[in-house]
Amino acid sequence: MNRFEVLFMLAYTTIVTGIFQTFCSGANTGHISRRIGRGQLEHMFNQPVSLPMQLATEGFIPFSGSSNLISGTVIMAVALNGLDIVLPWWWVLSLIGNLIVTVAIILGNSYFASSLAFYAPVQAEEISTFVIDTFGHISTFPLSGMPRYLQFPLITFIPTGLLAWFPTLALFGKAPFGLSAWYPLLIAIILWLFAAHFFRKGLHYYVKTGINRYHPMGHRR
Amino acid sequence: MSRQASTDTTPWVTAGRRRKAPAMFTPSAGSPLNGGVHVQCVTKTFTQWQRENAGKGILRNLLKPQKKTVHALDDVSFTINPGEFVAYAGPNGAGKSTTMKLLAGMLQPTQGTVSVLGMSPDKDRIRLMKKLGVLFGNRTELWWDHPISQSFEWKRVVWDIPDDVYKRNLEMVTDLLDIGELQKTFARELSLGQRMRADLAMMLLHSPTLILLDEPTLGLDVVAKRQMIDFLKKVNRENGVTIVVTSHDMDDLEEMAERILMISNGKIAYDGSFDGLRALSEAYGIETQTVVIKKAPIEQVIAGLYKAWK
């Protein structure tokens, strides 16, 4: 990767953080283990709307959450300018698609790990923060200079490489390991299937046992 | 017992002034008032982890953690008819909040069936929530960092309340609960009493047929409590809304409700009128500070009964 590709990758990860903050940060919808661990899901049972719909619409904070989105977009413009390449119009759609898939992978990870909070609310209350932050920090490293035996697990078992490195290369037609540019989408779907399964299981456990540690902090704040 | 929803403009009195009431609150259009609440043979058990802090106990915590099974509700059955105002009383840990959560669909029973307004809180949650109002005294449904009016608007959209119903109910709660001045204020800046009034107002905006109130007077001063009690009585008597309320303040309960369900150790210990409770107290030979048992403060009667049952 040349320096402008690395800059593009950093811009990509900044935009991903910005999208997550703008659409999933409000009321801890992205950090769902907090709401589970604090016994706040009960508020959601009172509403005549399905839980997925509530979660999809409560997290939007356009003003306080969009700073990374704006700065990331500016950095990406600088990087693209430095790359000095001509991109077709559909490339922008491909970029948007990749960004959405990356955010879906982050959310899938968060909800998958957060399912633990149904069973261990105290210990796992902050597990989504831990997972998102850890994945986020590692994702900012360009993996191109690393040996393949390290690259491979980081795009499969611990898919941090899919949060910025892989999409960057794929967007410039250099997807590693001869994989298709659609590969992150496949991982996102698998992750969401797992997350949905374990989250639903946890929810059934929750309504049977309850969580006797209600804390108002973070509910609609 | 069934009451017809009133839509007249009967003069009513507030703060010593005689004024004309706004168009009155009416239960959801088309919603059946014949549903009520049916709880049949409900058992709810919880598991509590036991921990030791010394010696071998610490090792045992890791290797073989001890569990204790608590029967929050034990084969509980009762029916609440439409239009009733029922007090649900009991000492701390008796199972009051558990029952409320079961009725509101927040918990599922270990055994038995729960039917609220003819629906299962578990299977028909979304449909039921359109007709149910739930308020827990120790938590708020208001958006903390927004003005109260914003929370009300949110409620209108999420509950899909028709404009005319919303306007009528908003006018009614604004007037009866005296929250006109509060609507532009952020929820975080309200006192507890003001917040409870705003919460109560928001709960009623969608014209619930049944209201579940868990400790609604918790922490309220005398004036705020008075305001809330008067309001609830009015909503029940004039609009036929079924209300189930829990409280530790027995005098408040007696003033509000006609029927009391007493729970003790997860079982229904008494179901009837407050006068019947006094008669029962007499039968148990419980003495109160008041000479005439029929006029005894209900608080003393209940405390005596629990002592006798133990």
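The values are calculated or read from the model by the stated rules, or taken from the named source; none is laboratory data. Since this is a predicted model, take the numbers as computed values, not measurements. Don't worry about glycine lacking a Cβ; one is built from the backbone with ideal geometry, like all the others, and counts go over all protein chains shown. Heavy atoms of the whole protein, side chains included, go into the accessibility calculation; ligands, DNA and RNA do not. Shrake-Rupley method; radii C 1.70, N 1.55, O 1.52, S 1.80 Å.
May I ask which residue of A:Phe152, A:Thr209, A:Val92 lies farthest towards the positive end of the charge dipole of the stretch A:3-209, with charges of +1 (Lys, Arg) and -1 (Asp, Glu) on Cβ and the Cα centre as origin?
My answer, from the dipole projection, is A:Thr209.
From the phi of every residue in the stretch A:94-105, what ³J(HN,Hα) in whole Hz does the Karplus formula 6.51 cos²θ - 1.76 cosθ + 1.60 yield, where θ is phi - 60° and glycine or proline is x?
Residue by residue, the stretch A:94-105 yields 5, 4, 4, x, 4, 4, 5, 5, 4, 5, 4, 5 Hz.
What's the FRET efficiency of A:Asp84 with B:Asp160 using the Cβ-Cβ distance as r and R₀ = 56 Å, to the nearest 0.05? Intermediate results must be reported in sequence, preceding the final value.
On the way: r = 53 Å, r/R0 = 0.95.
Between A:Asp84 and B:Asp160 the formula returns 0.60.
Leaving out ligands and nucleic acids, and using a 1.4 Å probe, what accessible area per residue does the stretch A:1-141 come to in Å²?
Here the residues of the stretch A:1-141 average 44 Å² of exposed surface.
For chain A, what does the helix formula give at 222 nm: sum of -39500 (n - 2.57) over DSSP H segments with n ≥ 4, over the residue count, nearest 500 deg cm²/dmol?
Counting only the DSSP helices, I get -19500 deg cm²/dmol.
Work out the mean other chain Cβ neighbour count within 10 Å for the residues of A:46-53 and drop it here as an integer.
Average per residue, whole number: 6.
Counting partner chain Cβ atoms within 10 Å of every residue's Cβ in B:116-129, what's the average?
Partner Cβ neighbours, averaged per residue: 2.
Which of the lysines could a cross-linker bridge to B:Lys68, judged by Cα under 17 Å and excluding same-chain residues fewer than eight apart?
Excluding near neighbours in sequence, the set is A:Lys208, B:Lys44.
Sorting check: for A:95-101, B:160-166, which peptide has the highest mean count of neighbouring beta carbons within 10 Å, and how do the rest follow?
Going by the mean number of other Cβ atoms within 10 Å, highest first, we get A:95-101, B:160-166.
Amide H to amide H, which residues 5 or more places from B:Gly112 or on other chains are under 5 Å from it, using H placed in the peptide plane?
B:Thr43
Label A:Ile100 and A:Asn2 with points 7 Å out from Cα along Cα→Cβ: what is the distance between them in nm?
3.1 nm
Write out the trypsin sites (Lys or Arg not before Pro) in the stretch B:119-186 meeting two conditions: DSSP loop, and at most 11 other Cβ atoms within 10 Å of their Cβ.
Details: sites: B:Lys123, B:Arg125, B:Arg127, B:Lys130, B:Lys131, B:Arg139, B:Lys155, B:Arg156, B:Lys167, B:Arg168, B:Lys184; in loops: B:Lys123, B:Lys130, B:Lys131, B:Arg139, B:Lys184.
The qualifying sites are B:Lys123, B:Lys184.
How far, in degrees from 0 to 90, does helix A:183-209 lean away from the longest principal axis of the Cα atoms of chain A, to the nearest 10?
On a 0 to 90 degree scale, this one is about 10.
Enter the buried accessible area of the A/B pair, total of both sides, probe 1.4 Å, in Å² rounded to the nearest 100.
2100 Å²
Using the basic label-point model (7 angstrom from Cα toward the beta carbon), what is the A:Ala56 to B:Asn92 distance in nanometres?
4.4 nm
Amide H neighbours of B:Trp143 under 5 Å, at least 5 residues apart or on other chains, H built in the peptide plane: list them.
It is B:Ser151, by chain and number.
Please find, in a Gaussian network model of chain A (springs between Cα atoms separated by less than 10 Å), the residue of A:Ala181, A:Ala56, A:Ala164 whose mean-square fluctuation is greatest.
A:Ala56
A:Glu126 versus B:Gln40, label points 7 Å from Cα toward the beta carbon: distance in nm?
Here the modelled spin labels are 4.9 nm apart.
Summarise the partner chain shielding of B:159-166 as one whole number: the mean count of Cβ atoms from other chains within 10 Å of each residue's Cβ.
1
Give me the percent of accessible area attributable to carbon and sulfur for the stretch A:3-209, probe 1.4 angstrom.
Looking at the stretch A:3-209 in its full context, I get 74 percent from C and S.
Return the sequence-ordered ³J(HN,Hα) values of the stretch A:154-165 in whole Hz as given by the Karplus equation 6.51 cos²θ - 1.76 cosθ + 1.60 applied to θ = phi - 60°, using x for Gly and Pro.
For the stretch A:154-165, the Karplus-derived couplings read 7, 10, 10, 6, 10, x, 5, x, 7, 8, 7, 4 Hz, x marking Gly and Pro.
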